[in-house]
Every structure is written in structure tokens, then in C-alpha cells.
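Heads up: the structure comes next, in C-alpha cells.
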Amino acid sequence: MSAKITAATASNPLKRTMQDNGILRLTLENPPANTLSDAMLEALQLAFDEAADDKNVRVIILAAAGHLFSAGHDVKEMTAHREDDDKGRAYFADIMGRCAKVMQSIVNHPKPVIAEINGLATAAGCQLVASCDLAIASDEATFCTPGVHIGLFCSTPMVALSRTIHRKHAMEMLLTGEAVDASSAREYGLVNRVVPKDYLQQVTNKYAESIAAKSSHTLKVGKQAFYQQMEMGLAQAYDFTANVMVENMLAKDAEEGIGAFLDDRKPEWMDE
């Protein structure tokens with residue numbers, strides 16, 4: 001099933017598995033908490049940057065090893081920088097900026113990104129889930145933004161969370177810091193599906209395979225337009241997406257896809 005595997009290491013705690021069907025599986029392997037440490041953020045950024053230009057990658061799955069999806073930032077790593085001359089200000093600004101870049105790289109990525117959540121996703125780990133295009137969770141997964149418990153409001157996770165779920169649900173999670181189960185996360189709109197843990201990878205792969213079979217050019221156009229129009233007023237959004245549709249209609253894959261539909265045959269995508 002796997003054509004190429006790059007194992008995780010201490011300096012690069014992200015396992016890459018390139019599957020034969022164009023699915024790139026990125027697995028957080030920074031036990032036990034899969035924190036978004038300096039090394040993990042660097043590895044994620046590099047992986048997303050390289051996948052953007054790799055024509056063999058059609059869909060990305062973001063998963064995690066172990067019983068946690070991600071506990072967010074490495075608090076011990078961050079706290080150590082309080083000994084810096086500026087009490088950590090420069091480091092805190094740097095790591096928050098790099099984390100935000102990773103999240104935006106997911107949203108702005110030309111390939112669809114699917115989160116596969118097998119356990120707890122907390123703080124920036126929850127932010128990671130909210131930033132992905134789709135999210136499939138096991139029935140044992142939980143989600144929270146618990147910064148208020150330690151005097152640190154989850155302000156950056158709030159950006160992704162508030163753009164994904166209803167503001168009342170987002171504020172409930174942010175203000176209380178309490179965990180929500182997978183079923184509630186689905187009701188909130190944070191995840192698409194909740195499945196038994198034993199079937200999690202199977203279901204996620206099924207979603208990925210379905211998407212990978214589509215024109216990558218069409219998916220790129222549609223994903224970019226989706227997030228751009230969300231920030232616009234109604235009239236502007238319709239003007240913008242009308243232009244997107246016109247350009248999409250003139251693309252080779254639209255011509256091929258419509259022709260295949262009319263001829264009752266399977267389309268042969270050129271990804272153009």
C-alpha cells in the first residue's frame with residue numbers, strides 16, 4: 001500500500017508515508033503528547049511546502065501516533081525561554097508566528113488536507129484540526145482549548161476555531177476550557193464524521209481516495225475560492241465566484257469532465 005516511507009526522528013518527529021494512490025500521510029510522532037514543538041513545526045512546514053509542489057501528492061492526511069492527537073505547544077520548551085534576557089518575548093513571538101504560518105499553509109494549500117484524530121486534540125492541537133479542510137475522528141477523540149486553566153487564553157487557536165464552528169460553541173470551549181467529546185465536536189461542526197476507533201484509518205483513507213480521484217486542478221481552484229469568498233460580502237462573493245466559474249469552465253479538465261459526463265465515460269484528468 002505504501003510506496004515510500006520517511007520515518008520520524010528526534011530532530012524530525014514527522015513520519016511521511018506516500019501511498020500509491022497519491023495520498024500523503026503525515027503522522028505526528030513526538031510521544032507521548034505529539035506536541036507542536038520547534039522541531040515538529042519545522043517538519044510540518046517543510047512537509048506542506050514540499051507537498052504543494054509535488055504533482056504526485058493529491059491529498060494529505062494529517063494523523064498522529066499513540067493515544068493523543070496533539071497536546072499543542074510544548075509548554076516545557078516554551079517555559080525554558082523565560083530564562084532568556086527578554087524573559088522569552090522574542091522566542092514566544094517567533095514560535096507563535098511559525099505556528100500561525102503552518103496553520104495558514106494548511107488553509108492556503110493547493111491540496112485538500114484531512115485530519116485523522118485518534119485521541120485528545122488540545123489547544124494548538126485543536127487549532128490544527130480546525131485548520132484542516134476535513135476532519136474524521138474516532139469515537140474516543142476529545143477536543144479542548146484549555147488555556148484558561150493555566151492563565152493563558154487560547155487566542156491563536158481561537159482564530160481557526162471561530163472560523164470553523166458557531167461563535168457560541170467556540171466561546172464555550174475557550175471560556176470554560178472543558179473538553180468536548182467526538183459527538184459534540186461533530187454537532188459543533190469541528191469534525192465531519194465520528195467512527196469506531198478500529199475503522200478510523202479505513203474511513204479516512206476512503207475519503208482521501210475519493211478526493212484523490214478528482215482533478216487536482218479543479219480541487220485547487222475550488223479550495224482557494226472557498227476560503228477567499230468566506231471573507232467577502234455576499235455581492236462581492238458572487239462576483240468573485242462567477243469569475244472563478246468562468247475560468248474553471250475554460251480549463252482543460254472541465255472540458256474533459258463535462259465531455260466524459262455527456263459521453264457516459266470515465267474522465268481522464270490532465271490536472272490542468
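Before moving on, here are some points about what is shown:
- Scanning the stretch 158-183 for residues that are surrounded by fewer than 17 Cβ atoms within 10 Å (Cβ to Cβ) and touching a strand residue (DSSP E or B) at 6+ places or on another chain (Cβ under 8 Å) yields a total of 3.
- Restricting the stretch 18-60 to residues that are assigned to a strand (DSSP E or B) and over 15 Å from the mean Cα position of the chain (by Cα) leaves a set whose member that is modelled with the lowest pLDDT is Q19.
- For A135, the conditions (1) among the small types (G, A, S); (2) in contact with a strand residue (DSSP E or B) (Cβ under 8 Å, 6 or more places away or on another chain); (3) loosely packed, with under 15 Cβ neighbours inside 10 Å all hold with the exception of (3).
- Taking each residue of the stretch 226-247 that is under 23 Å from V113 (Cβ atoms) and looking for partners that are of a type in the set (G, A, S) and in a helix (DSSP H, G or I) with beta-carbon atoms closer than 7 Å, six or more apart or interchain, yields Q229/A237; T241/A225; V244/A225.
- Residue match in the stretch 207-226 (condition: exposed (fewer than 14 other Cβ atoms within 10 Å of the Cβ) and under 26 Å from S162 (Cβ atoms)): yes
- Conditions (1) closer than 20 Å to G119 by Cα; (2) free of Cβ contacts under 8 Å to residues at least 24 places away in the same chain; number of the one not met by V180: (2)
- For the stretch 79-120, taking the residues that are in contact with a Phe, Trp or Tyr (Cβ under 7 Å, 6 or more places away or on another chain) and either free of Cβ contacts under 8 Å to residues at least 40 places away in the same chain or hydroxyl-bearing (S, T, Y) (or both), the one that is surrounded by the fewest Cβ atoms within 10 Å (Cβ to Cβ) is identified as D84.
- A count restricted to the stretch 124-177 and to residues that are of a type outside the set (A, V, I, L, M, F, W, C) and touching a residue at least 24 places away in the same chain (Cβ under 8 Å) stands at 18.
- All positions within the stretch 61-107 that are under 19 Å from the mean Cα position of the chain (by Cα) and basic (K, R): R98, K101
- Evaluated against (1) over 30 Å from Q19 (Cβ atoms); (2) surrounded by 15 or more Cβ atoms within 10 Å (Cβ to Cβ); (3) of a type in the set (G, A, S), A124 falls short on exactly one condition, (1).
The values are calculated or read from the model by the stated rules, or taken from the named source; none is laboratory data. Please read these numbers as outputs of a predicted model, since none were measured by experiment. Please note: Cβ atoms are built from the backbone with ideal geometry, for glycine as well, and neighbour counts cover all protein chains shown.
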